[in-house]
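Notes follow the structure.
The values are calculated or read from the model by the stated rules, or taken from the named source; none is laboratory data. Quick caveat, the model's predicted, so the values are computed rather than measured. All Cβ positions, even for glycine, are placed from backbone atoms using ideal geometry, and neighbour counts span all protein chains on display. These accessible areas exclude ligands, DNA and RNA; they are computed on the full protein's heavy atoms, side chains included. Shrake-Rupley method; radii C 1.70, N 1.55, O 1.52, S 1.80 Å.
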Amino acid sequence: MEKKKILLIEDDKNLLLNVKNFLEEEGFQLKTALDGKNGLDTAKEWKPDLIICDINIPLKDGYQVLTELSKEKPTKTIPFIFLTARIEKEDLRKGMQLGADDYI
């Protein structure tokens, strides 16, 4: 059986490595990006089964990443989860309105 592909977009290198290692140990295939621009390019090229993305990332924030991916047919149906420390209701509402599937 082919491993499910997850794209992790996170600029905190320690958190990125911890989450990456955990998901790989669980049997997922991972690619990572440290900023929104690289994350967008990777998502369009690699077409992961799931995207986990921080909101506060350089070049393009998580909201911009989700918005751009939602506009393109090949990427608009990829489940998208925000990984963030921002838990204000406004942040949650904005992400969900843009089409995020969940928050961690």
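Dipole magnitude for the chain: computed about the Cα centre from +1 point charges on Lys and Arg Cβ and -1 point charges on Asp and Glu Cβ, it is near 360 debye.
Based on protein heavy atoms only, the range 1-43 ends up with 61 Å² per residue of surface accessible to a 1.4 Å probe. From its DSSP helices (H runs of at least four residues, each -39,500 (n - 2.57)), the chain gives a residue-normalised ellipticity at 222 nm of -13000 deg cm²/dmol.
Its Cα centre serving as origin, the range 29-73 has a Cβ charge dipole (Lys and Arg +1, Asp and Glu -1) of approximately 140 debye. For the chain, a Kirkwood radius taken over Cα pairs fed into Stokes-Einstein (20 °C, viscosity 1.002 mPa s) yields D = 159 µm²/s. Its relative contact order, with pairs defined as Cα atoms under 8 Å and 6+ residues apart, puts the chain at 25 percent.
For residue 71, the lysines whose Cα falls under 24 Å of its own Cα, not counting residues fewer than eight places away in the same chain, are 4, 5, 31, 37, 44, 47, 60, 94.
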